[in-house]
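Step one of this worksheet: look at the structure below.
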Amino acid sequence: MLSKTLEAKLNDQIEKEAYSSQLYLAMASWAEMKGYSGVSTFLYGHSDEERQHMLKIVHYVNERGGHAIVPSLDKPDTNFNDLRSVFQRILEHEVSVSQSINDIVDLCLKEKDHSTNNFMQWYVSEQMEEESLAKSIIDKLDLIGTDSTGLYFFDRELGNGNAAV
Ligand code: OFO
């Protein structure tokens, strides 16, 4: 059985994952509108992944005797200066999500809730991957700068699922 404190924290995390999905969706739409079809494919896919992250917590809370609450969401940013600012925003967002996941793990340890701690470890690894992916994409964009051929190939590779090349 979940404690009321952990249940509330996990419900906050449901909201954060749902907001992540909306944020990636808004970025995907911006990228598609700008003609970056590969980047938009990547971001639409990521938006779906974030929805799955949210759903996993919804099921977990309900299975552990709590009540997962579906939240209302703030409108995400809809306009971005360029691709670099999109991925910089992603990095900042993921760093803040990692912090909230770490806070939940801290609470699990304090309450000796080993099941929830175990459940949250998947999120800990996922956040590490997401932060390092965003960093590596920003590094690539810094190398490319405003070179249109470079941006063309970057967009194509990201759309082909080669985010790490
Ligand atoms: Fe951005 O990953 Fe969810 O947790």
| query | Is it the case that residue 144 is modelled with pLDDT of 95 or more, more than 16 Å from the chain's Cα centre (by Cα) and open to solvent by less than 60 Å² (accessible area, probe 1.4 Å)? | reply | yes
The residue that is nearest to residue 20 (Cα to Cα), considering only those in the stretch 97-118 that are open to solvent by less than 40 Å² (accessible area, probe 1.4 Å) and away from the ligand (no atom under 12 Å from the Cβ), is 105
Q.
Looking at the stretch 24-39, can you tell me whether even one residue there is closer than 19 Å to residue 64 by Cα and outside any helix (DSSP H, G or I)?
A. no
When restricted to 125, 85, the only residue within 28 Å of residue 161 (Cα to Cα), more than 16 Å from the ligand (Cβ to nearest atom) and of a type in the set (Gly, Ala, Ser) is 85
**Prompt:** Looking at this structure, is residue 61 crowded, with 20+ Cβ neighbours inside 10 Å, over 16 Å from the mean Cα position of the chain (by Cα) and not hydroxyl-bearing (Ser, Thr, Tyr)?
**Reply:** yes
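Look through 58, 39 and report the one residue that is among the hydrophobic types (A, V, I, L, M, F, W, C), within 16 Å of the ligand (Cβ to nearest atom) and at pLDDT 95 or above.
Step by step, each of 58, 39 is checked, and only 58 is among the hydrophobic types (A, V, I, L, M, F, W, C), within 16 Å of the ligand (Cβ to nearest atom) and at pLDDT 95 or above.
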So, first residue under 19 Å from residue 43 (Cα atoms) and open to solvent by 60 Å² or more (accessible area, probe 1.4 Å) in the stretch 9-29, second residue among the β-branched types (Val, Ile, Thr) and assigned to a helix (DSSP H, G or I), Cβ within less than 7 Å, six or more apart or across chains; the pairs are 16/97
Might you check whether a residue that is more than 16 Å from the ligand (Cβ to nearest atom) and without any contact (Cβ under 8 Å) to a residue 12 or more places away in the chain occurs anywhere in the stretch 135-142?
yes
When the stretch 37-48 is checked residue by residue, the ones that are touching an Asp or Glu at 6+ places or on another chain (Cβ under 9 Å) and either surrounded by fewer than 23 Cβ atoms within 10 Å (Cβ to Cβ) or charged (D, E, K, R) (or both) are 37, 38, 40, 41, 44, 46
Q: Kindly indicate whether residue 78 is assigned to a helix (DSSP H, G or I) and either among the hydrophobic types (A, V, I, L, M, F, W, C) or open to solvent by 10 Å² or more (accessible area, probe 1.4 Å) (or both).
A: no
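The values are calculated or read from the model by the stated rules, or taken from the named source; none is laboratory data. All of these numbers come straight from a predicted model, not from anything done at the bench. So basically every Cβ, Gly included, is an ideal-geometry build from the backbone, and we count neighbours across all protein chains shown. With ligands, DNA and RNA removed, areas are computed over all heavy atoms of the protein, side chains included. Shrake-Rupley method; radii C 1.70, N 1.55, O 1.52, S 1.80 Å.
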